[in-house]
Amino acid sequence: MAENGEEKLLAMARHIAKTLGRNDTMADDILQIFSTFDGRFSREKLSEKDGEEDSRVSAALEHSLKLLDRQISQYVAAEHPIWADSADSSAFLDAIDELIATIRDWSPMAGEKSVGACIVRAEDLMQQAMFRVEEEFRSLMDRGGESFELSREYGSGEPIDSDDDEDEDEDGGIIGVIRNDEENQIPVAQPITDYNIIIDVLPSVTINDLHEIAKRMVAAGFGKECSHVYSSFRREFLEESLSRLGLKKLSIEEVHKMPWQDLEDEIERWIKAANVSLRILFPSERRLCDRVFFGFSSASDLSFMEVCRGSTIQLLNFADAVAIGSRSPERLFKVLDVFETLRDLMPEFESVFSDQYCVVLRNEAITIWKRLGEAIRGIFMELENLIRRDPAKAAVPGGGLHPITRYVMNYLRAACRSCQTLEQVFDENVVPSKGVSSSSSSSLSVQMDWIMELLESNLEAKSKIYKDAALSSVFMMNNGRYIVQKVKDSELGALLGDDWIRKHNAKVRQCYSSYQRSSWNKVLGALKVDSSSLAPNAASKTLKEKLKLFNVYFEEICKVQTSWAIYDDQMREELRISVTKILLPAYANFIGRFKNVPELGKNADRLIKYCVEEVEARISDLFQGHGGRK
């Protein structure tokens, strides 16, 4: 082999001289220069005839190729797995290394006829060797990945990297690797309570073997073939993993046609799958790629992209289908879940898909995340339309709570549990409502104030259905009080502010006063008598008429308003007390004067229908209706 090496060196020197020399004289001069640097480049050795040179070169190269052909062919033809025996695999890789070096060293002289023919033979032999190592690569991945999969259910063994012993649901287990005392690798099911883990998806010995094969395939110019085999196997693993996590392959049309309850369940499965994929599976695949293709970053990046692209697109397509789906208000909360999941996973998208090949996936994730934000804003627009379109047809019995009030307020309270997310969504989309200054309000508070304004306008239109002004006031009082309480008891209070609350409390008090005027002013008017200017007979007659009028008005109010509804216990009691405070003193004073008239006093028990206590009792029976209770 040393003799072959010297022949190769001399042949290379002659080849350089012929290539650089424009004529024989210049070539001889170059050979003379070489001889001054190394004794092996003597003039006698470098000045041989061309025929002798070709013969010696060809013989040396032929000898090397015969040895390599004999070594490599026995492994190419072997029926048993070469990597079943470490000695065989090492010898095979050494032969491939020598063949790679031979082709690399002799290729510059391929223009020489004899050398060129040998190089063609060497490349054919290399192709045969690559076909075989590709098979071995595939076989190693197949055998190594058999026990390293996601699992629907937990196996035995302690979970790794987790102190949480609580049971998880059946879709929440993932297979990892631990080592027992004998250092054997054992797959165990791990609860997904901590996403900050990396799983060894292949045994270390297998990874080292794959790396050695990949290194030779890349060096031999078969890097793409190696990457393709690797990507095919790992891609299947990821697709199977997502399937076992419960995620289905659904088209956009299938998502849009899915019943809402089914879609809610599918979103829950998607959230789990997305978190496991971006926080565990993809980083684990990134780590595996880097270990298998260590030293070849381009091959590693390309392989990783090919492995994860299909699963990533499946995850993103589902999120996109949710984003461009129905804007029905009841979908808000699940769309928020998808938006928040994708937002929280953005750092993982940035870190895992950081290379040039994955930039498209990273950008697509950002685009779909923004599209989900547009969907959330669209849902709020649909909520506004729903409020505007809600018809003022039938009146709520007893002036109680209207369903639109309960729906909107409970909806907004629930939505505001995701206040920070909604602030983020509306931050760049501030549309100031009439009379609202955006300079002093957050984008979300502007949006909420606008919805409240729409709701109030809708309720005012509905209040006009009532022919009784007092009942109209009760309706507005009920709904106004409900709105204020829902605002005060939730994040809405912080968004809308104390001034808003004070303003709307004042509106409720105005409705309160309006009710009193409409209902009780005429009753109080019946009790007012200026008898000082009247003759005794006239005063007696006036008091009798006033008493009858009071009885008529009072009985009419009690008959009607007993069925009216005040949904809030405190407000109902406050209203009764308020009526009692203005009515009882006036009535007691009237009865006292009535009894002091001689002509009336002797018949007072027969003429007075209600004593003061009975009036108070009748007032306590007001607002017994149950329409609109919570």
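Computed from the coordinates by the stated procedures, all read-outs in this text should not be read as laboratory data. Everything numeric here is computed off the predicted structure, so don't read it as measured data. So basically every Cβ, Gly included, is an ideal-geometry build from the backbone, and we count neighbours across all protein chains shown.
If packing is taken as the average number of other Cβ atoms within 10 Å across a peptide's residues, how do 495-503, 366-374 rank, most packed first?
Top of the packing list down: 366-374, 495-503.
If every alpha-carbon in segment 305-459 counts as one equal scatterer, what log10 I(q)/I(0) does Debye give at q = 0.10, 0.12, 0.17 1/Å?
For segment 305-459, the Cα-only Debye profile gives -0.45, -0.61, -0.99.
In nm, what is the difference between 0.36 nm times the number of residues separating E374 and E350 and their Cα-Cα distance?
That works out to 6.5 nm of additional length.
7 Å from Cα along Cα→Cβ at both R121 and T580: what's the point-to-point distance in nm?
11.8 nm
So which of K393/K546; K370/K507; K467/K546; K393/K486 end up more than 30 Å apart by C-alpha? Kindly include the intermediate steps, with their values, before the conclusion.
Numbers: K393/K546 39 Å; K370/K507 39 Å; K467/K546 27 Å; K393/K486 25 Å.
Exceeds cut-off: K393/K546; K370/K507.
Arrange the peptides 317-324, 478-485, 352-359 so that the one whose residues have, on average, the most other Cβ atoms within 10 Å appears first.
Top to bottom by mean Cβ count within 10 Å: 478-485, 317-324, 352-359.
Please find the FRET efficiency linking D85 to S204, where r is the Cβ-Cβ separation and R0 is fixed at 22 Å, and quote it to the nearest 0.05.
Details: r = 19 Å, r/R0 = 0.86.
Efficiency at R0 = 22 Å is approximately 0.70.
Would you kindly state how much longer the chain becomes between D605 and D498 on full extension, computed as 0.36 nm times their sequence separation minus their alpha carbon distance, in nm to one decimal? Let's see the in-between values first.
On the way: separation 107, 0.36 × 107 = 38.52 nm, distance 5.39 nm.
This chain segment gains 33.1 nm when fully extended.
Relative to the present Cα-Cα distance, how much length would full extension add between Q128 and A77 at 0.36 nm per residue of separation?
Value of the extension gain: 17.4 nm.
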